[in-house]
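One structure is given here, and the rest of the page talks about it.
The values are calculated or read from the model by the stated rules, or taken from the named source; none is laboratory data. Only a predicted model underlies this, so the values are computations on that prediction, with no experimental measurement involved. Cβ atoms come from the backbone with ideal geometry, glycine included; neighbour counts cover every protein chain shown.
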């Protein structure tokens, strides 16, 4: 009777180890999904901010070009030669600034996404490790059980070189 109770309790303990590992794995997957979703939202915000900055830079560059044009016209200078070249240089610098803002924003988004994926991968790996640890704990508790006597048909231990006497099936490791 005591051996049967011990076997039942060991079986329950092994089952709880597996269930605990499964729960930890599920929690880690949920955490990974939340981290990825958060990274995606931060990436979208970074892209929105960069687009707004690029739009603002575009407006400022156009305003600077128009201001130059007005200053040249007020002073009686024709918009040919050097004044035209200066206005074109202002326009090109504005375009370069816009391109830099967009590139910087894209790099920021890529970094945020990579960071999110890496953190999510780490959570998933820890979940898998917890699950496997639960299975290992279950195997260890069941493997350490001693069987023998009575009508169980077993002799020796389950772990190692145990065997089932009833059919002569050997469980060799």
Unmet criterion (only one of (1) assigned to a helix (DSSP H, G or I); (2) surrounded by 12 or more Cβ atoms within 10 Å (Cβ to Cβ)) for residue 59: (2)
Hey, residue 15 within 30 Å of residue 140 (Cβ to Cβ) and out of contact with any strand residue (DSSP E or B) (no Cβ under 9 Å at 6 or more places or on another chain) or not: yes
Qualifying residue in region 125-148 (condition: modelled with pLDDT under 90 and exposed (fewer than 12 other Cβ atoms within 10 Å of the Cβ)): yes
Filtered residue count, region 65-92, keeping only those that are assigned to a helix (DSSP H, G or I) and touching a helix residue (DSSP H, G or I) at 6+ places or on another chain (Cβ under 7 Å): 9
So residue 39, is it surrounded by fewer than 16 Cβ atoms within 10 Å (Cβ to Cβ) and either over 18 Å from residue 121 (Cα atoms) or touching a residue at least 12 places away in the same chain (Cβ under 8 Å) (or both): no
Options 54, 32, 28: the member that is modelled with pLDDT of 95 or more, farther than 18 Å from residue 138 by Cα and either surrounded by 13 or more Cβ atoms within 10 Å (Cβ to Cβ) or touching a helix residue (DSSP H, G or I) at 6+ places or on another chain (Cβ under 6 Å) (or both): 54
